[in-house]
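The values are calculated or read from the model by the stated rules, or taken from the named source; none is laboratory data. Only a predicted model underlies this, so the values are computations on that prediction, with no experimental measurement involved. Every residue, glycine among them, receives a Cβ derived from its backbone with ideal geometry; neighbour counts consider all protein chains shown.
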Amino acid sequence: MTNRTPQGWWHAPSDANPPTTVAAEAAERLGSLTSRIGIVQTAEGMAVVADGTTTLGPSSSPSDSASPLLATAPPTTPQHLGDATFLSDHGLRYPYMTGAMANGIGSCEIVEAMSQAGMLGSFGAAGLSVERVTQAIDRLQASLRDKPFCINLIHSPNEPSHEAAIANLLLKRGVKHVEASAYLDLTPPIVKYRIAGVHTNSNGRVVSSNRVIAKISRAEVATRFLSPPPERIVNELLQAGSISPEQAELARQLPMCDDMIAEADSGGHTDNRPAITLLPTIIALRNRLQLQFQYPQAPRVGLAGGIATPASVAGAFALGAAFVVTGSINQACVESGSSDAVRKMLAEAGQADIIMAPAADMFEMGVKVQVLKRGTMFAMRGAKLFELYRQFSSWEAIPATERALIEKTLLRTSFEDIWNQTVEFFQRRDPSQLVKAEADSKHKMALVFRWYLGLSSRWANSGDANRQLDYQVWCGPAMGAFNEWSKGSFLEQPKHRRVVTVAKNLLYGACVHMRRIGLEQQCGPLPESWFPDCPFTDDELNLRLT
């Protein structure tokens with residue numbers, strides 16, 4: 001029984017099923033997301049009803065068929081979550097995105113599966129050559145045609161020419177969605193990409209056909225993406241003939257991004273920010289800048305980092321997220337560009353089995369990434385390399401015993417052998433790095449150390465058994481949370497983890513969770529057995545989400 005005062009009366013139609021306290025029947029009704037449902041008081045206690053009409057207020061019972069109404073909830077489907085304009089502007093069915101994981105871990109297979117299911121996938125172009133990114137774009141444009149997909153453009157302070165080459169490729173191939181990540185400041189390539197798509201549509205509204213989804217974790221970086229393009233960079237691009245005078249003028253009326261991802265404690269590049277404080281902060285910042293600039297469409301803010309269970313998805317939307325973005329859990333899915341060995345390691349990870357380690361792309365700056373600790377020594381070995389880099393001016397300055405140990409355990413050959421491989425790589429990728437290295441022995445040492453840091457993720461992706469202790473596996477605490485949630489279900493086994501199955505389960509479960517919270521705020525605790533227990537198979541999900 002409940003001591004809550006009834007809100008009014010529930011009137012059942014003549015053909016309606018009576019109120020139920022049977023667990024299976026209650027779960028079926030509460031799990032039917034397209035139905036309006038209610039909790040009523042009966043002689044047996046609280047019961048679940050569906051359909052019917054309500055009369056609110058403390059008046060006496062209008063009929064014998066009416067039941068005291070304790071709580072009610074409207075239809076709650078995934079399409080009701082987040083910001084509806086995110087779906088309409090991007091041509092999506094669900095407010096859900098898979099973030100780019102570098103070196104193709106965010107694979108074409110993931111992007112295709114997500115797009116076909118009405119969600120947005122981002123290809124992990126970071127760390128890949130221009131040729132490899134070109135191949136991915138060709139495949140995605142051929143397989144998806146007019147369906148949306150995203151390509152990652154990552155800030156590369158140590159390789160600015162490569163960042164520019166990828167941006168130019170995206171423009172040349174007409175890629176319309178870019179996930180901009182790891183930016184410390186705006187650069188000419190990302191500004192050029194944004195402005196090159198600026199125009200006035202048929203309604204006279206200034207828009208950009210080149211959509212930028214900016215992934216940030218700091219307010220100062222968010223401010224730059226939520227503001228119009230910097231005049232300094234706009235003028236540089238204008239003088240170089242990269243944009244037209246009209247585009248330069250129109251760009252002043254638009255922010256640098258259409259959407260922003262507030263990235264909390266995540267795998268890979270992260271500031272380990274708590275989602276519960278980061279997202280409200282960025283939303284409030286967006287609101288202030290929208291008042292200042294009065295854009296035709298305010299940038300939307302989604303959430304990434306820790307998104308791995310129905311409760312965390314529901315929490316993101318309750319905090320005001322326009323959409324959610326997953327990362328670590330996608331690497332554990334069969335479509336990812338990783339290996340079966342890594343998928344098994346991820347499936348066994350707990351929330352505490354993670355650690356920070358030096359980042360290959362920003363090694364000299366001391367930037368770190370979050371990686372899997374369990375089953376690999378990469379973090380400890382990477383930290384050793386950074387310690388040596390920070391302490392010594394050159395490879396030759398390192399004590400001989402230390403050099404011998406590094407060559408034996410990490411390089412597995414001589415320093416000069418690795419340097420020769422590095423020379424060959426940068427002759428193709430960015431010859432300016434070699435010029436700098438010839439003049440600066442410390443930079444030469446950094447490039448060799450980055451050889452280890454860079455290849456460690458490729459060894460993991462290929463499943464190189466001889467290098468398992470050196471696997472660099474980007475991973476956040478979300479992975480452990482997902483494993484705990486899926487324990488005992490078919491999703492416990494890596495071979496059953498598919499990105500769309502995972503995504504739909506999280507969205508469906510989030511709707512049920514939000515419905516439960518709403519009802520319990522009105523009538524108090526409800527039996528656990530009344531709520532459907534996901535995860536569900538694809539066939540079951542298709543029935544529940546239609």
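Points worth noting:
- Of the residues making up the stretch 197-209, those that are in contact with a strand residue (DSSP E or B) (Cβ under 9 Å, 6 or more places away or on another chain) and surrounded by fewer than 21 Cβ atoms within 10 Å (Cβ to Cβ) are GLY197, HIS199, THR200, ASN201, VAL206, VAL207, SER209.
- Residue within the stretch 495-508 that is in a helix (DSSP H, G or I) and within 19 Å of ARG29 (Cβ to Cβ) present: yes
- The set of residues in the stretch 510-532 being touching a residue at least 12 places away in the same chain (Cβ under 8 Å), closer than 13 Å to ALA27 by Cβ and not hydrophobic (A, V, I, L, M, F, W, C) consists of ARG515, ARG516, PRO527, SER529, PRO532.
- Qualifying residue in the stretch 428-437 (condition: surrounded by 15 or more Cβ atoms within 10 Å (Cβ to Cβ) and under 14 Å from TRP474 (Cα atoms)): no
- Search result, residues across the stretch 139-155 that are on the phi > 0 side of the Ramachandran plot and outside any loop (DSSP other than H, G, I, E, B): none
- Matching residues, the stretch 138-153, being surrounded by fewer than 21 Cβ atoms within 10 Å (Cβ to Cβ) and either without any contact (Cβ under 8 Å) to a residue 40 or more places away in the chain or not basic (Lys, Arg) (or both): ASP138, ARG139, GLN141, ALA142, SER143, LEU144, ARG145, ASP146, PRO148
- Residue selected from the stretch 252-304 under the condition of a type in the set (Lys, Arg) and surrounded by 16 or more Cβ atoms within 10 Å (Cβ to Cβ), by the criterion farthest from the chain's Cα centre (by Cα): ARG286
- Within the stretch 176-195, considering residues that are hydrophobic (A, V, I, L, M, F, W, C) and crowded, with 22+ Cβ neighbours inside 10 Å, the one modelled with the lowest pLDDT: ALA182
- Listed by first and then second residue, the pairs with beta-carbon distance under 7 Å, at least 6 apart or on different chains, first residue in the stretch 445-463 and farther than 16 Å from ARG390 by Cβ and not assigned by TED's automatic domain parsing to the domain that holds GLY267, second of a type in the set (D, E, K, R) and in a helix (DSSP H, G or I), are SER456/ASP470; TRP459/ARG467; TRP459/ASP470; GLY463/ASP340.
- Residue match in the stretch 470-492 (condition: over 23 Å from GLY382 (Cα atoms), basic (Lys, Arg) and either touching a residue at least 40 places away in the same chain (Cβ under 8 Å) or not assigned by TED's automatic domain parsing to the domain that holds TYR389 (or both)): yes
- Test: VAL342 is modelled with pLDDT of 95 or more and in contact with a strand residue (DSSP E or B) (Cβ under 9 Å, 6 or more places away or on another chain): yes
For every residue, the table says whether it meets (1) crowded, with 17+ Cβ neighbours inside 10 Å; (2) under 34 Å from the mean Cα position of the chain (by Cα); (3) closer than 18 Å to ARG516 by Cα.
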{"site": "ALA12", "(1), (2), (3)": "yes, no, no"}
{"site": "THR21", "(1), (2), (3)": "no, no, yes"}
{"site": "LEU30", "(1), (2), (3)": "yes, yes, yes"}
{"site": "LEU56", "(1), (2), (3)": "no, no, no"}
{"site": "ALA71", "(1), (2), (3)": "yes, no, yes"}
{"site": "LEU87", "(1), (2), (3)": "yes, yes, no"}
{"site": "TYR96", "(1), (2), (3)": "yes, yes, no"}
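- Members of the stretch 334-355 that are of a type in the set (S, T, N, Q) and either farther than 14 Å from GLY267 by Cα or not assigned by TED's automatic domain parsing to the domain that holds ASP464 (or both): SER336, SER338, SER339
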